[in-house]
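K.L.:
Structure incoming, see below.
The values are calculated or read from the model by the stated rules, or taken from the named source; none is laboratory data. The model shown is predicted, which means the values in this text are computed figures rather than measured ones. Neighbour counts are summed over all protein chains in view; Cβ atoms, including those assigned to glycine, are modelled from backbone coordinates with ideal geometry.
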């Protein structure tokens, strides 16, 4: 397979935007019959209602503050099952990326987690991060030098099963992933050129996949011979994320940071569009579907038109299918209780 340059990668993603409307911008009722690529309608954006019994809701903790102290407070609400050797999965970004998570905040957070290591995996598009050597140079450029960073596919791949997946039977992860007892998924929530949005699912579905094989599986290249888009891509991401969630079981937690939410992912580097929507805060949960659903709901519920470009990016890529696919796979609960920690 010919290597896809980052420019070609982003160009292909842009061409995948197919006519989804913004019918739901003013509220939470979306055009759920628009996205038919794989025979499924897009998931409506829906928060837990008052009629849903509290015992049936997932807990999502929230703060409108974005700093190390509040990130640590959020983590302390969800970390009861985190033990042993801990991997922290985050997107460390392309060289000089303007939107990646603040290093000082992550440094203080990581220091509170005993025996923890940041993990990353090589990428499948034209980037310094496509090779382990180039990836390590980029880590240094971007300031990820305060703790060990394990490029988990530097030592090859390991196949994890996808139990009752929509498409995949197994998916290649970086081999080092299985060396860890627990996984903390620390995600910069933002738009994404192919996924519509990048939340906790994208962070582990693509981010833990090996650069040589796993990322091509998730993008459909291995089974379909091309970089797939739309609902099929969202379903492949859900399959891939399920493999990681199943592997860690109760020993995985999720934190989404809703700051500098460009329509573009941190993989766009310095070419990412300047964010329009303001920073909204941070979320934490032990439920991957609940935290990504809550993050999307916060964008849709924002009070003015500055949300529109991010919503257009989500809908034009059929990104809401990430949520309904996770629900179909039993990965979590889209009904949640939002609990403010101040």
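Rundown of residues vs (1) in contact with a strand residue (DSSP E or B) (Cβ under 8 Å, 6 or more places away or on another chain); (2) over 26 Å from residue 105 (Cβ atoms), yes/no style:
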residue	(1), (2)
240	yes, yes
243	yes, yes
255	yes, no
269	no, no
280	yes, no
297	no, no
311	no, yes
316	yes, yes
336	yes, no
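K.L.:
In addition: Quick one: which residue in 106, 123 is part of a helix (DSSP H, G or I) and within 20 Å of the chain's Cα centre (by Cα)?
P.N.:
106
K.L.:
A further question on this structure: Only one of 99, 35 is buried (at least 16 other Cβ atoms within 10 Å of the Cβ) and modelled with pLDDT under 95. Can you tell me which?
P.N.:
35
K.L.:
Which residues, counting only those in segment 112-130, are surrounded by fewer than 20 Cβ atoms within 10 Å (Cβ to Cβ) and at pLDDT 95 or above?
P.N.:
Hits for segment 112-130 are 112, 113, 114, 115, 117.
K.L.:
While we're here: Mind listing whichever residues of segment 244-272 are at pLDDT 95 or above, over 20 Å from residue 83 (Cα atoms) and out of contact with any helix residue (DSSP H, G or I) (no Cβ under 8 Å at 6 or more places or on another chain)?
P.N.:
259, 260
K.L.:
Can you find a residue in segment 13-31 that is modelled with pLDDT of 95 or more, surrounded by fewer than 16 Cβ atoms within 10 Å (Cβ to Cβ) and within 24 Å of residue 309 (Cα to Cα)?
P.N.:
no
K.L.:
List every residue pair whose Cβ atoms lie under 8 Å apart, where the two residues are 6 or more positions apart in sequence or sit on different chains, the first residue falls within segment 215-234 and is touching a residue at least 24 places away in the same chain (Cβ under 8 Å) and on the phi > 0 side of the Ramachandran plot, and the second residue, located anywhere, is crowded, with 19+ Cβ neighbours inside 10 Å and part of a loop (DSSP other than H, G, I, E, B).
P.N.:
Filtered contacts from segment 215-234: 230/35; 230/317; 230/318.
K.L.:
Evaluate the following for residue 164: is it touching a residue at least 60 places away in the same chain (Cβ under 8 Å), surrounded by fewer than 18 Cβ atoms within 10 Å (Cβ to Cβ) and more than 20 Å from the chain's Cα centre (by Cα)?
P.N.:
Against the criterion (touching a residue at least 60 places away in the same chain (Cβ under 8 Å), surrounded by fewer than 18 Cβ atoms within 10 Å (Cβ to Cβ) and more than 20 Å from the chain's Cα centre (by Cα)), residue 164 qualifies.
K.L.:
Could you tell me which numbered condition residue 91 fails, if it satisfies all but one of (1) in contact with a helix residue (DSSP H, G or I) (Cβ under 7 Å, 6 or more places away or on another chain); (2) over 25 Å from residue 220 (Cβ atoms); (3) modelled with pLDDT of 95 or more; (4) in a loop (DSSP other than H, G, I, E, B)?
P.N.:
All conditions pass for residue 91, except number (2).
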